[in-house]
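Since the structure comes first, as structure tokens, the remarks are kept for the end.
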Amino acid sequence: APSWSPDGSQIIYHSDRDGNGEIYRMNRDGSDNQRITHHPASDGYPCWSPDGSQILFDSERAGNFDIWVMNADGSDPRQLTDSPGRDLAAAWSPDGKKIAFMSDRVGAFQVYVMNTDGTDQQRMTMIYTNWFPRWSPDGKRLAFHVRRDIHILELDASSLTRLTTDPQNGMYPTWSPDGNRIAFM
């Protein structure tokens, strides 16, 4: 789950090369590769803030996967969610004011949105299993994986649109910079 810094100069990613899930940062050419988390619990799925000052990640530090945030250098990790379910795959809104994530706190994974301090957690989806939410560049839509296909949720109208119909599993959507296209695996 690599993530580019907003200025394109660095990449953060998860690796278990040292025997434990940790977050690493490197320059875009692969130089200056540094481990920035150091904790016996597993850390994963990093995501840069729009201004490049912070990194979201999920971690088992509190005994269960929750969403955490830290400074871009790995300092000052702070827990944002604390639910009995697994909270994973967080993504910043383009304006840096909201965070989307997936959680199985109600059984199947659903998409949630919260403020950047972890307050006002709102469930955005109600049916099926919903994975890996990603904000559109304008911040008005979320793309994510529902069952076996990519869907878009219009946040102002709460309408859900299915984009793919595929017998294979379509997941990990990412928006083009202009918001007109979506790439996915």
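The values are calculated or read from the model by the stated rules, or taken from the named source; none is laboratory data. None of these values were measured; they are calculated from a predicted model. Ideal geometry is used to build each Cβ from the backbone, glycine not excepted, and the neighbour counts take in all protein chains shown. Accessible surface areas use protein heavy atoms only, side chains included; no ligands, DNA or RNA. Shrake-Rupley method; radii C 1.70, N 1.55, O 1.52, S 1.80 Å.
Just a few scattered comments:
- Rounded FRET efficiency, nearest 0.05, which uses the C-beta distance separating residue 1 from residue 33 and R0 of 25 Å: 0.95
- Dipole in debye (nearest 20) - the stretch 77-185, about Cα centre, beta carbon charges: Lys, Arg +1; Asp, Glu -1: 180
- As a length-normalised measure over Cα pairs under 8 Å and 6 or more apart, the relative contact order of the chain settles at 10 percent.
- If you plug the beta carbon distance of residue 41 and residue 185 into 1/(1 + (r/R0)^6) with R0 = 22 Å, you get a FRET efficiency near 0.25.
- Charge dipole (debye, nearest 20) of the stretch 32-108; +1 at Cβ of Lys and Arg, -1 at Cβ of Asp and Glu: 160
- Theoretical gain in end-to-end length, residue 158 to residue 51 [0.36 nm per residue, Cα-Cα removed]: 35.7 nm
- The peptide list 45-57, 171-183, 121-133, put in order of mean Cβ contacts within 10 Å with the highest first, becomes 45-57, 121-133, 171-183.
- Positive-end residue of 175, 56, 90, charge dipole of the stretch 31-176 with Cβ unit charges: 175
- The stretch 121-152 residues near the modelled residue 83 label - backbone nitrogen below 18 Å, point 7 Å along Cα→Cβ: 121-135, 142-147
- Amide hydrogen proximity for residue 54: with H placed 1.01 Å from N in the peptide plane, the residues at 5 or more positions away or on another chain lying under 5 Å are 49, 72.
- Percent carbon-and-sulfur accessible area, the stretch 42-166, ignoring ligands, DNA and RNA, probe 1.4 Å: 47
- Which of 74, 130, 13, positive extreme of dipole for the chain (C-beta unit charges): 130
- Using the 1.4 Å probe convention, the accessible area of the stretch 93-141 works out to 46 Å² per residue with neighbouring protein chains retained.
- Averaged over its residues, the stretch 9-83 has an accessible area of 44 Å² per residue, based on protein heavy atoms and a 1.4 Å probe.
- Once the Cα-Cα distance is subtracted from the 0.36 nm per residue extended length, the residue 176 to residue 129 segment shows a gain of 14.5 nm.
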